[in-house]
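FYI, it's all coordinate maths here, none of it is from the lab. The model shown is predicted, which means the values in this text are computed figures rather than measured ones. Here Cβ is always computed from backbone atoms with ideal geometry, including for glycine, and neighbour counts include all displayed protein chains.
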Amino acid sequence: MSATAAQIAQVRRWVNEPDDTTYDDDAISVYIEAYPLLDERGEEPYSWDTSTEPPTKDDNEVWLPTYDLHAAAADIWDEKAAVVAQDFDFTADGGSYSRSQVVAQFERQARMHRARRRPGTIRLHKIPKETTYADEDLSN
């Protein structure tokens, strides 16, 4: 399970990191691989092995690497915003410097990518399970 060069390049373009000065390919891969998805055949990226304590994840060998690239890009924009969050606006020598606009723009980019991420689903199980008339002994 690893991100492809095309996926890394796509995220690199979305987060305006044309070279590997700040984020090398391995760093971007970590962000991408944090968001695995069902592949186009409906295969899960992993399954849970409940025979161990605690349960462990087993990789699905037939899963095609499919990731939510927008979620990865949003995380990178959040990190970039955190780096410049201490910047402040100031006036000096007759000029006004609005450095806080950088933070606001990075946060807008993160929100934009979060709005485009893939929807997630979870499976809920009701406990205790409801009994139905078919489950009950009505001979009484």
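Looking at the chain, identify the longest residue range that excludes and avoids all chymotrypsin sites (Phe, Trp or Tyr not before Pro) in DSSP loops having at most 11 other Cβ atoms within 10 Å.
By the stated rule (loop sites, at most 11 other Cβ atoms within 10 Å), 1-87.
Remind me, relative contact order of the stretch 27-140 in percent, using alpha carbon pairs under 8 angstrom and six or more residues apart?
That works out to 22 percent.
For the chain, which longest stretch is free of loop sites, where a loop site is one of the trypsin sites (Lys or Arg not before Pro) that DSSP puts outside H, G, I, E and B and that has at most 16 other Cβ atoms within 10 Å?
For trypsin sites (Lys or Arg not before Pro) (loop position, at most 16 other Cβ atoms within 10 Å), the longest site-free span of the chain is 42-98.
Normalised by the number of residues in the stretch 1-64, what is the relative contact order in percent for Cα pairs under 8 Å and 6+ residues apart?
About 24 percent, as a whole number.
Take the alpha carbon atoms of the stretch 2-54, find their radius of gyration, then divide it by 2.2 N^0.38 Å using N residues; give the quotient.
Against the empirical 2.2 N^0.38 Å value, I get 1.49 for the stretch 2-54.
Exactly which GluC sites (Glu not before Pro) in the stretch 54-120 are in a DSSP loop and have at most 16 other Cβ atoms within 10 Å?
Of the GluC sites (Glu not before Pro), the ones in loops of the stretch 54-120 whose Cβ has at most 16 other Cβ atoms within 10 Å are 61.
Quickly estimate the mean residue ellipticity at 222 nm for the chain, helices only: each DSSP H run with n ≥ 4 gives -39500 (n - 2.57), and the total goes over all residues, rounded to 500.
-11000 deg cm²/dmol
Can you tell me the alpha carbon radius of gyration of the chain divided by the globular rule-of-thumb value 2.2 N^0.38 Å?
1.60
What is the mean projected area of the alpha carbon convex hull for the stretch 21-90, to one decimal in square nanometres? Before the final figure, lay out each step's value.
Numbers: hull surface 30.0 nm².
For the stretch 21-90, the mean projected area of the Cα convex hull comes to 7.5 nm².
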